[in-house]
Amino acid sequence: MAARINKKRSFLFVSKVLGKHIPVNPFTPLLSGAALGLLLYQEMNKDTADAGQMEELLNKAVHGLIHPDQAEEAYHDLLSARLILPHPVVFIGFAETATALGHSMFNMFAAGASYIHTTREDIPELESVVSFEEEHSHAVAHLCYALNPGLLSGTEPIILVDDEITTGNTAINTIRDIHSKFPRQEYVVASILDWRTGKNVQTYNDLEQELGIRITSLCLLQGSIEVTGVPLLRAGGDQDTAPSTDAPVVTTYVQDSLERLPVSSRDSYGEINKSPYVKNSGRFGLESPNNKEIDQGVSRIAAQLRELREGPRAMIMGVGEFMYLPMRIAAEMGEGVSYQSSTRSPIHPERRSDYGVHSAEAYPSAGDPEITNFIYNVDPGQYDDIFVLIERDVPRQRIEPMTDILKKLAGHKVHLIVLSPKDSEVEDVAR
């Protein structure tokens, strides 16, 4: 647990299996999504699924989530099952925390699945097909840029994927907006945690009756919570950190063979970044056949990064919504590699053994300086090499606040990895 600096919700469950606020074995968050996929398969094949196979795979998934050293084997066992759902489905992952969770759940299926994740990014050339509010969040507006206009216009079930369901209001808002434009009969809400009780459970039931739909809930852990106290509105507390280093930062443009989408972004100041996006990141919609290109791109990038690695302890870091590709790359980087992502969620740090966030570093986002991003739970010298992967190029002056922090944390070197369709090049940045 940790205290969220947010007047709308005062607490945060700091997940050990998500790869956001705590460094993890990269196979652990991949396995979390795959395990949710397994629950979905079981739910949709109640009468036809091989009960023995399902029990065996579920036991492997649970064992791998509890024991991180077994996560890789469990993840590959689940993927090797090559499961296919009885009919097509559309997965929607919620930004920013569940973008990789939803992608990993979608990737569990060999065919017949589509995926898109919501985004907070403003892309002027595209129109959002749905939009909704996340009422408790520090960043409420969700947008959904589907390049394929037919992605949501069918009648197949929609699978909403989030890391945690507390009240269920985000899912309800999403279902209402989707149903007003693209009505269908079946929705599934999948999450790692589900804390709904009482009236929040009834709200789903009421919505089912109102819209004439069915809502199924799937989760890895279910329970109830009770919250007391006053929300924390500013950070505080002393941080007992180790002496910092001053590692060099090396920028590397890594050729990845991934297709690009030539659209721009607009930040809070109205400034435009024309650097293209990775088309198959999940932000613009994916179909099952796209997984082959992603797999090839991941392997190509990981092979190049392994050549850059110098120390036995390394961290691969995603940025904001850009989580899944860095997570997959980290999983192919070898032993001694941890993964996590920066986040825009403001959390109060305190160095206690029973508390979820012991250190916090804040800086303006490279994509939008109006937004503050954070790196949690990384101490100076904890890693020899820190690789931070960014999806698209940004002006150097915008990335320096983040790299200035990382070079105080890395024991040896910071590698700023910019995914690029062009040939690799290396640029040393001053200490």
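So here's what we get for this one:
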quantity: Set of lysines with alpha-carbon distance to K274 below 18 Å, sequence-local pairs under 8 removed; calculated: K422
quantity: Estimated vicinal HN-Hα couplings, Hz - the range 52-65 in sequence order (Karplus 6.51, -1.76, 1.60; Gly, Pro = x); calculated: x, 5, 4, 4, 5, 5, 5, 4, 5, 4, 4, 4, x, 6
quantity: The chain - share of DSSP beta bridges that are antiparallel (%, nearest 5); calculated: 35
quantity: Paired Rg and Dmax values of the range 279-335, which use every Cα atom, in angstrom; calculated: 12.3, 37
quantity: Crossing angle, helix 396-409 versus the chain [Cα axis fit, 0-90 degrees, rounded to tens]; calculated: 80
quantity: Accessible surface of L36 - all protein chains present, 1.4 Å probe, nearest 10 Å²; calculated: 0
quantity: Paramagnetic reach from R214 (point 7 Å along Cα→Cβ, amide N under 17 Å) across the range 143-173; calculated: 155-160
quantity: Value of Rg/Rh across the chain [Cα atoms, Kirkwood radius]; calculated: 0.94
quantity: Over the chain: helical MRE at 222 nm, DSSP H runs n ≥ 4 each giving -39500 (n - 2.57), nearest 500; calculated: -9000 deg cm²/dmol
quantity: Crossing angle, helix 71-80 versus the chain [Cα axis fit, 0-90 degrees, rounded to tens]; calculated: 50
quantity: Distance (nanometres) between label positions extended 7 Å along Cα→Cβ at R396 and E226; calculated: 5.8
quantity: Label-to-label distance, nm, for residues given as E287 and H67 (7 Å Cα→Cβ offset); calculated: 4.1
quantity: Förster radius 25 Å - calculated FRET efficiency between S180 and R266 (Cβ-Cβ, nearest 0.05); calculated: 0.40
quantity: Cross-link pairs beyond the 26 Å C-alpha cut-off, checked among K16/K60; K279/K407; K20/K407; K20/K413; calculated: K279/K407
quantity: Candidate residues E332, E307, E125: accessible-area rank, largest first, probe 1.4 Å; calculated: E307, E125, E332
quantity: Simple label model, 7 Å out from Cα along Cβ direction - I84 to K16, nm; calculated: 3.9
quantity: Carbon + sulfur, % of accessible area of the chain - ligands and nucleic acids excluded, 1.4 Å; calculated: 48
quantity: Cα-based helix-to-principal-axis angle, 169-181 vs the chain, degrees rounded to 10; calculated: 70
quantity: Residue-normalised accessible area of the chain, given per residue in Å² at a 1.4 Å probe; calculated: 41
quantity: In Å², nearest 10: area of L143 left accessible to a 1.4 Å probe; calculated: 40
quantity: FRET efficiency estimate (nearest 0.05) - Cβ-Cβ, E307 to R9, R0 45 angstrom; calculated: 0.55
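The values are calculated or read from the model by the stated rules, or taken from the named source; none is laboratory data. Just so you know, these numbers come straight off a predicted model, no measurement behind them. Every residue, glycine among them, receives a Cβ derived from its backbone with ideal geometry; neighbour counts consider all protein chains shown. With ligands, DNA and RNA removed, areas are computed over all heavy atoms of the protein, side chains included. Shrake-Rupley method; radii C 1.70, N 1.55, O 1.52, S 1.80 Å.
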